[in-house]
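Written out below as structure tokens is the structure these notes cover.
Bear in mind that the values in this text are calculations on the coordinates, not laboratory data. The structure presented is a predicted model; accordingly, all values stated were derived computationally and were not measured. Positions of Cβ are generated from backbone atoms using ideal geometry, with glycine treated the same way; all protein chains shown enter the neighbour counts.
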């Protein structure tokens, strides 16, 4: 008597399952591969540097291991953990703004200017209101002003793109310089501290506008603000009609327009929200970290946020973890320099290398989509990838 007959799944069905699994793992696998490859390239660079610094042809192959262990050791300490959260706070906030733009198909490179203009807004409130009001009033007002100033800085390129078609990459780059000089003018003019020996603003701690310390010696309340922003932006993107329209416009602007969505309004609104988040990052940095600014004050947060958003695949949850990763690298860099003798600037190099690999992955996905449109066979099934990105 023959045994029970088992139905074998068709090969096409099995291939669809495999493609779906691969596509689902891709959002996590690609950033991890980019990080590992960057660490590998960094290890090779450290090894080569050891020979150059020593002035001979022998290389210290153990130096990369010592450097990375020192980096981890600097993060694992109590102060290192707090510093990680402090460094990550503006990266997460600005990364959420840049990632939101990516979801709408917009490349916001104006984070630097939006960050600085948000700083001006927060400093303006601290200067004018802080002397007469308590911190319970000044701190929320300063945060709101920083967010509003950042939103204005994001509104301008969004409005230009919606009304004239001016590309946001060009306008945001140019506006970066505009807001840099506006910041310098404000610091040297209306926001300058009277009777100071050099142009400088007042200390926000003396104007009832400093964020309270909630963790360790420098862990300010901006950390909670960044952590709260993640679920808010996630809910906006994946549980609201506006978020659906933003993602639809980013995936296919023509189809969104054909479906009755007002893409011009979405562009302006998305860029304004992106600027708001970057301005909030500037306000929290001023009120929680630097407290006082002088001409020459600048930031790399706007550009670092691009790496954070790409590494997190523009998903708020991914942006949270990528912001923490880059914050940890910043926090451990000084320990790496002291203990292993490797310059702290290696962190900047690793971040740039990660960005390069992420761009290569994005280019590969674009080529896959082009191949799918031409009827060729892409590396990953297009339908499965699209379904996975919709779930992510």
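Listing for the model above:
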quantity	calculated
Semi-axes of the equivalent ellipsoid for region 52-163, Cα gyration tensor, largest first, Å	39, 24, 13
Sequence of 311, 350 once ranked by neighbouring C-beta atoms within 10 Å, starting from the fewest	350, 311
Virtual paramagnetic centre 7 Å along Cα→Cβ of residue 348, amide N under 19 Å, in region 156-190	177
Euclidean distance between Cα centres, region 282-333 to region 223-237, Å	15
Residue exposure sequence - 233, 28 - by fewest surrounding Cβ within 10 Å	28, 233
For 322, 333, order by how many other beta-carbon atoms lie within 10 Å, fewest first	333, 322
Region 88-315: Cα Rg divided by the 2.2 N^0.38 Å rule of thumb	1.02
Dimensionless Rg over Rh [region 107-168; C-alpha; Kirkwood]	1.15
Estimated [θ] at 222 nm from DSSP helical runs (n ≥ 4, -39500 (n - 2.57)) normalised by residues in the chain, nearest 500	-25000 deg cm²/dmol
Contour excess over end-to-end distance, with Cα ends at residue 185 and residue 136 and 0.36 nm allotted per residue	14.7 nm
FRET efficiency estimate (nearest 0.05) - Cβ-Cβ, residue 174 to residue 227, R0 35 angstrom	0.55
In degrees, nearest ten, helix 222-239 long axis to first principal axis of the chain (Cα)	40
Estimated Rh, region 218-268: Kirkwood, alpha-carbon pairs, angstrom	12.4
Tilt relative to the chain, helix 168-188 - C-alpha long axis, 0 to 90 degrees, to 10	20
Between 0 and 90°, nearest 10: helix 11-54 axis offset from the chain longest Cα axis	50
Correct choice for Rg/Rh (Cα atoms, Kirkwood Rh) that was computed from the model, options (1) 1.04; (2) 1.00; (3) 1.30	(1)
Cβ-derived FRET efficiency at R0 30 Å, residue 218 paired with residue 107, nearest 0.05	0.35
Length added when fully stretched, residue 251-residue 264, from 0.36 nm per residue minus Cα-Cα	3.2 nm
